Amino acid sequence: MQKIKGTLIPIGGNEDKGIEESEIYTLEFIDDGILFHVVEAAGGVDANIVVIPTASSIPVEVGENYLTAFSTLGCKHVEVLDIRSKEDSETEHAIELIKNADCVMLSGGDQSKITDKIGGTTIHSILIERYKNDEGFVIAGTSAGAMVMANEMIAGGSASESFIKGAVNMYKGLGLIPELIIDTHFIRRGRFGRQSEAVAKFPNLIGFGLAEDTGMIIRNGNECTVIGSGMVIVFDGSTLTHNNEKILKEGTPMTMANLTIHVLSNGDEYNIKTRKVKVLPIEAPFI
């Protein structure tokens, strides 16, 4: 199996852009914020960063927010690629930007828009090829931009109908990391139930539930490190002894016995291949 050389950074949403006043965003923006880690992974302030706000209903405003955030961090080469159709994904301008980027940042919004407008296009192929083969190439995504990294992608679903079959809607993602199912805004929006159903549907996959202002740096398609101020909930369905998802009618409560759950926070590590956790030692500094 080919060793993946690029880095993925899925983020749970509402990453600190240095403009929030709420006390929930406790990390210092310039020193410890998630976007700082994105820039660092991409090679520093001279990296070519391309922001794609396709998922957003207000792409211009979102693009401007990221331009401001990255320039605050000292980045000199940041461009917004405003893709609103499949045709936009096939332009020479778009293809050149993706070929020359050190980091591609996918914004939040509606993840299905990313698949519909980028999936299957030339730039989708370039993203996959560069992620597999280019050392130092980073694809970061927040909220919708994180969820679309999977192959089996959560497209929506009701948090209030937790643990009821039919509470989650699945769709095809960009397939960057097919071993995972990624959900975001996980704690605040009460998405435990819909991620549980997603893993019940695909018990061979691992579910990551990312809290807000929390991310995972995933290296080699395997080694994951938690960054940010919140938690990542990991769902491992490989240990299930009972899973009645396939035989239930929609609207019926589900049974899942011996689902393995890990709660990870800043600095903790997870290995996708071995499904093992390595906890940050208590005396070690936060990342």
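Given the structure, is G237 buried (at least 19 other Cβ atoms within 10 Å of the Cβ), touching a Pro at 6+ places or on another chain (Cβ under 7 Å) and of a type in the set (G, A, S)? Walk me through how you get there before you give the answer.
Values: buried (at least 19 other Cβ atoms within 10 Å of the Cβ): yes; touching a Pro at 6+ places or on another chain (Cβ under 7 Å): yes; of a type in the set (G, A, S): yes.
Against the criterion (buried (at least 19 other Cβ atoms within 10 Å of the Cβ), touching a Pro at 6+ places or on another chain (Cβ under 7 Å) and of a type in the set (G, A, S)), G237 qualifies.
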The lone exception for E96 - which of (1) more than 18 Å from P10 (Cα to Cα); (2) open to solvent by 30 Å² or more (accessible area, probe 1.4 Å); (3) in contact (Cβ under 8 Å) with a residue 12 or more places away in the chain it fails: (3)
Residues of the stretch 144-160 that turn out to be open to solvent by 10 Å² or more (accessible area, probe 1.4 Å) and touching a Leu at 6+ places or on another chain (Cβ under 9 Å), as a count: 2
Options E40, E61, E96: the member that is under 30 Å from G267 (Cα atoms) and acidic (D, E): E40
Where H185 falls short, out of the listed (1) touching a strand residue (DSSP E or B) at 6+ places or on another chain (Cβ under 6 Å); (2) in a loop (DSSP other than H, G, I, E, B): (1)
Hits in the stretch 13-47 - residues which are more than 21 Å from A144 (Cα to Cα), surrounded by fewer than 19 Cβ atoms within 10 Å (Cβ to Cβ) and either at pLDDT 60 or above or among the acidic types (D, E) (or both): E21, E23, E28, D31, D32, E40, G43, G44, V45, D46
Count of residues meeting criterion [outside any loop (DSSP other than H, G, I, E, B), of a type outside the set (S, T, Y), touching a residue at least 12 places away in the same chain (Cβ under 8 Å) and open to solvent by 30 Å² or more (accessible area, probe 1.4 Å)] in the stretch 99-129: 6
Residue count, the stretch 187-207 (criterion: in contact with an Asp or Glu (Cβ under 7 Å, 6 or more places away or on another chain) and open to solvent by 40 Å² or more (accessible area, probe 1.4 Å)): 3
Near pairs, Cβ below 7 angstrom, 6+ apart or cross-chain, from the stretch 182-198 (more than 18 Å from G228 (Cβ to Cβ)) to any residue that is part of a loop (DSSP other than H, G, I, E, B) and open to solvent by less than 10 Å² (accessible area, probe 1.4 Å): G193/A167; R194/A167; E197/A167
Criterion (at pLDDT 95 or above, over 24 Å from G108 (Cα atoms) and charged (D, E, K, R)) met by exactly one of D183, D236: D236
Tabulated pairs, the stretch 276-287, first of a type in the set (A, V, I, L, M, F, W, C), second open to solvent by 100 Å² or more (accessible area, probe 1.4 Å), C-beta under 9 angstrom, 6+ apart or interchain: L280/F286
Residue match in the stretch 66-85 (condition: of a type outside the set (S, T, N, Q), modelled with pLDDT under 95, within 21 Å of M149 (Cα to Cα) and open to solvent by less than 60 Å² (accessible area, probe 1.4 Å)): yes
Filter result (open to solvent by 10 Å² or more (accessible area, probe 1.4 Å) and under 22 Å from A257 (Cα atoms)) within the stretch 170-186: E179
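Give the stretch 73-93 a look and list any residue that's of a type in the set (V, I, T) and over 19 Å from I9 (Cα atoms), or say none.
Let us first name the residues in the stretch 73-93 that are of a type in the set (V, I, T), namely 78, 80, 83, 91.
Passing the criteria: I83, T91.
The values are calculated or read from the model by the stated rules, or taken from the named source; none is laboratory data. Note that the structure is a prediction, hence the values are computed from the model and not measured. Don't worry about glycine lacking a Cβ; one is built from the backbone with ideal geometry, like all the others, and counts go over all protein chains shown. The protein model used for the area step is the full one, side chains on, heavy atoms only, and it has no ligands, DNA or RNA in it. Shrake-Rupley method; radii C 1.70, N 1.55, O 1.52, S 1.80 Å.
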